[in-house]
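Below is one structure, written out as structure tokens; comments come after it.
The values are calculated or read from the model by the stated rules, or taken from the named source; none is laboratory data. The structure presented is a predicted model; accordingly, all values stated were derived computationally and were not measured. Don't worry about glycine lacking a Cβ; one is built from the backbone with ideal geometry, like all the others, and counts go over all protein chains shown.
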Amino acid sequence: MHQGLVSSVEQVRRYEEMKAMVLKEISPVENEPLRMEELPDPIPGPNKILVKISACGICHTELFYFKIRRPPRLPMVLGHQIVGRVEGLGPGATKFVLGDRVGIAWINSACGKCHFCKGGTENLCLEFRGTGCHAHGGYAQCTVVSEDFAYLIPERFSDAEATPLLCAGAIGYRDLILSGIKKEQTLGLFGFGASAHIVIQIARYWGCKSFVFTRGEEHRNLAKKLGASWTGGLEDDPPEKLHCAIDFTPVGETVPQALRVLEKGGRLVLAVIRKRNPIPPLDYAKLLWDEKEIKSVANITRKDAREFLSLAAEIPIIPEVQEFSLEEANQALILLKQGKIQGAGVLKMQDE
Ligand SMILES: [Zn+2]
Ligand SMILES: [Zn+2]
């Protein structure tokens, strides 16, 4: 045991300081609020692993931190789509060996003892902690995480390609599972962003027909390319009723529209954290009667991340990515806000 401790300390000495792009105060992204800093190496405590980061995805959630919802503590290293190699093992950490390629997603920790954690809905735990929000994330050369909250990355993906699977992908997978969809049923997707791109590929793999409701010719063309049976505007009628629907839009009006075209006994999943405007009053007889359901989605579980990574490798789903250096994090986030990134934006760490 003592021997193990000594070797892990040697491992963490590899970097004495690491580079990180740090958020110290809230300011619009155009002001480039992330600053490059040298931070001490994180040291893996009991049952934790030290990960040398090679890639970290950037996400719209991070844009919220600059205006709507600040992280609970600052300074903070953002980033919750992390891929890297295990470089050090804390005392008692046994699940990985040095050199394993692992991913870290939004779920950073949960209490492990409450009825949510014990029942498989650790995403609802009152002590849920998010990576790059409550705990330092991946806009850095290294991070530490509990070994229970890291996942082996299938060989099929490059480091950068795997990063969007850990956020948009795993969350989209949870949305789809919670919709209760069965093979060969019909699925409606309202809005066609990063998660919907992935959901439609899983739905096609499962033999489901997808109907995509979105504005803009470009989005509709991409939806067709990825397997949509039909595309239309948010208010249009699809050719068949929907067994399940997932609403990715930030507006309230899509809820009655989706319920209107939902089959009896169908379920509508609301996949966003917040709606910009209220959901209009729902006509019970027309929109909810006949056992229709509405369900929201919060966070992800480790099971979602694990299952989705292996499914994505099997299908396969290979995300398109645009790479930036760690130093370019501010500029990458500005481009993300402007909608100018091709595929998913990823920060690639330089090897030293
Ligand atoms: Zn994200
Ligand atoms: Zn818990």
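Laid out as a table, the results:
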{"read-out": "In region 91-124, residue surrounded by the fewest Cβ atoms within 10 Å (Cβ to Cβ) [restricted to those that are more than 16 Å from ligand 1 (Cβ to nearest atom) and either among the charged types (D, E, K, R) or within 18 Å of PRO71 (Cα to Cα) (or both)]", "value": "LYS113"}
{"read-out": "Region 128-187, subset closer than 13 Å to ILE104 by Cα and within 16 Å of ligand 2 (Cβ to nearest atom), residue nearest to the chain's Cα centre (by Cα)", "value": "GLY130"}
{"read-out": "Matching option when the condition is surrounded by 23 or more Cβ atoms within 10 Å (Cβ to Cβ) and hydrophobic (A, V, I, L, M, F, W, C), among ALA135, ALA170", "value": "ALA170"}
{"read-out": "Region 164-182 residues that are acidic (Asp, Glu), paired with ones that are part of a helix (DSSP H, G or I) and away from ligand 2 (no atom under 16 Å from the Cβ) (beta carbon under 7 Å, 6 or more apart)", "value": "ASP175/SER195; ASP175/VAL199"}
{"read-out": "Residue identified as surrounded by 23 or more Cβ atoms within 10 Å (Cβ to Cβ) and more than 18 Å from ILE315 (Cβ to Cβ) among PHE128, PHE213", "value": "PHE213"}
{"read-out": "Lone unmet requirement of (1) away from ligand 2 (no atom under 13 Å from the Cβ); (2) out of contact with any His (no Cβ under 7 Å at 6 or more places or on another chain); (3) closer than 27 Å to ILE317 by Cα for GLU122", "value": "(1)"}
{"read-out": "Members of region 170-198 found to be farther than 19 Å from GLY216 by Cα and either among the β-branched types (Val, Ile, Thr) or modelled with pLDDT under 95 (or both), listed by number", "value": "ILE171, ILE177, ILE181, LYS183, GLU184, THR186"}
{"read-out": "Verdict on PRO75 being out of contact with any helix residue (DSSP H, G or I) (no Cβ under 8 Å at 6 or more places or on another chain), more than 16 Å from ligand 2 (Cβ to nearest atom) and not charged (D, E, K, R)", "value": "yes"}
{"read-out": "Residue check for ASN277: assigned to a loop (DSSP other than H, G, I, E, B) and touching a helix residue (DSSP H, G or I) at 6+ places or on another chain (Cβ under 6 Å)", "value": "no"}
{"read-out": "Residue count, region 78-119 (criterion: in contact with a strand residue (DSSP E or B) (Cβ under 6 Å, 6 or more places away or on another chain) and within 16 Å of ligand 2 (Cβ to nearest atom))", "value": "3"}
{"read-out": "The one condition in (1) more than 21 Å from MET18 (Cβ to Cβ); (2) modelled with pLDDT of 95 or more; (3) out of contact with any Ser or Thr (no Cβ under 7 Å at 6 or more places or on another chain) that PRO154 fails to fulfil", "value": "(3)"}
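For (1) in a loop (DSSP other than H, G, I, E, B); (2) farther than 28 Å from PHE308 by Cα, each residue gets a yes or a no:
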residue	(1), (2)
VAL199	no, no
ALA203	no, no
VAL212	no, no
ARG220	no, no
THR231	no, no
PRO238	yes, yes
HIS243	no, no
VAL251	yes, no
LEU259	no, no
